[in-house]
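Below is one structure, written out as structure tokens; comments come after it.
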């Protein structure tokens, strides 16, 4: 009998994702057909930075290939917080966005897209959180958890990564080596991604928008009683989100200047 090992990380599917041998079993969702079409496209074009679709198991769960490596889960290991690791995240995001060029999202039902003006222009992962990136030897090699993937502008993913990895928030809420290096690391990510002038102009607003979008998504999930969201969305988390919003607005000019 196959042994099922719970996988750490995640919020919406917390406790419901398991490794079975070299596969991962995850609950099906309304958007599963769309995500599977995307993952099959990535396989077809030779992008090796995402899981492969292997089918549906007898329990009605999707079967994906297990991507070997380590994600940056709490407590975050030092190697995952270096500038070198951050550069590799930028390189991986760029490879992903290049790989989805030519994929037609129109036949599929997706998760909620980013708000205008970031709602189209490609396909976005939408949640490049620390625990959704797989590393090997200190380098980001794959994205996982495509549940929130949807049509969107690539800069939206760069904004999400900057917000979470730099991280762009009040330094009082950062207790590791990244503290007070928020803007320096923003520039590291943007340069590693190869963000063009148009993208750098859009990025400050995209960062604010991504924070507000994700805050609303998590808050809505908590209000609807989704266990992972309800567990996460504590008074402390809400206060932290409010401080982040205030910091982003207060430092909007600094963020824009950093990207010049």
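State which residue is surrounded by the fewest Cβ atoms within 10 Å (Cβ to Cβ) when the search covers only segment 47-61 and only residues that are farther than 10 Å from residue 23 by Cα and free of Cβ contacts under 8 Å to residues at least 40 places away in the same chain. Explain how you work it out, then say what you get.
Kept after step one, since they are farther than 10 Å from residue 23 by Cα, are these residues of segment 47-61: 47-50, 55-61.
Next, only the ones that are free of Cβ contacts under 8 Å to residues at least 40 places away in the same chain stay: 55-61.
Details: 55: 10, 56: 14, 57: 14, 58: 5, 59: 7, 60: 9, 61: 20.
My answer is 58.
Looking at segment 27-60, which of its residues are in a helix (DSSP H, G or I) and either under 17 Å from residue 122 (Cα atoms) or over 19 Å from the mean Cα position of the chain (by Cα) (or both)?
Of the residues in segment 27-60, the ones in a helix (DSSP H, G or I) are 32-44.
Those that are in a helix (DSSP H, G or I) and either under 17 Å from residue 122 (Cα atoms) or over 19 Å from the mean Cα position of the chain (by Cα) (or both): 33, 34, 35, 36, 37, 38, 39, 40, 41, 42, 43, 44.
Quick one: how many residues across segment 219-245 are part of a loop (DSSP other than H, G, I, E, B) and without any contact (Cβ under 8 Å) to a residue 12 or more places away in the chain? Talk me through it step by step, then tell me what you get.
Residues of segment 219-245 part of a loop (DSSP other than H, G, I, E, B): 224-226, 233-234.
In the following step, the residues that additionally are without any contact (Cβ under 8 Å) to a residue 12 or more places away in the chain were identified as 224-225, 234.
The number of residues fulfilling the criteria is 3.
Failed condition for residue 179, given (1) in contact (Cβ under 8 Å) with a residue 12 or more places away in the chain; (2) out of contact with any strand residue (DSSP E or B) (no Cβ under 7 Å at 6 or more places or on another chain); (3) outside any helix (DSSP H, G or I), with all others met?
Just one mismatch for residue 179, condition (1).
Can residue 59 be described as outside the structural domain of residue 147 (by TED's automatic domain parsing) and closer than 24 Å to residue 221 by Cβ?
Values: outside the structural domain of residue 147 (by TED's automatic domain parsing): yes; closer than 24 Å to residue 221 by Cβ: yes.
It is true that residue 59 is outside the structural domain of residue 147 (by TED's automatic domain parsing) and closer than 24 Å to residue 221 by Cβ.
Identify the residue in segment 83-95 that is within 16 Å of residue 182 (Cα to Cα) and in contact (Cβ under 8 Å) with a residue 60 or more places away in the chain and, among all such residues, is surrounded by the most Cβ atoms within 10 Å (Cβ to Cβ).
Checked segment 83-95; the qualifying residue surrounded by the most Cβ atoms within 10 Å (Cβ to Cβ) is 89.
Output yes when any residue across segment 200-218 is assigned to a loop (DSSP other than H, G, I, E, B) and either over 17 Å from the mean Cα position of the chain (by Cα) or under 18 Å from residue 126 (Cα atoms) (or both), and no when none is.
Checked against the condition, which is being assigned to a loop (DSSP other than H, G, I, E, B) and either over 17 Å from the mean Cα position of the chain (by Cα) or under 18 Å from residue 126 (Cα atoms) (or both), segment 200-218 yields no hits at all.
Would you pick out the residues in segment 109-122 that are under 20 Å from residue 50 (Cβ atoms) and touching a strand residue (DSSP E or B) at 6+ places or on another chain (Cβ under 6 Å)?
Correct list: 110, 111, 113.
Tell me which residues, restricted to segment 96-125, are surrounded by fewer than 19 Cβ atoms within 10 Å (Cβ to Cβ) and part of a helix (DSSP H, G or I).
98
Looking at segment 214-228 only, could you name the residues that are touching a helix residue (DSSP H, G or I) at 6+ places or on another chain (Cβ under 9 Å) and under 30 Å from residue 94 (Cβ atoms)?
Of everything in segment 214-228, those that are touching a helix residue (DSSP H, G or I) at 6+ places or on another chain (Cβ under 9 Å) and under 30 Å from residue 94 (Cβ atoms) turn out to be 214, 215, 217, 218, 221, 228.
The values are calculated or read from the model by the stated rules, or taken from the named source; none is laboratory data. On a predicted model such as this, the values are computed, not experimentally measured, just so you know. Note that we place each Cβ from the backbone using ideal geometry, even for glycine, and neighbour counts take in every protein chain shown.
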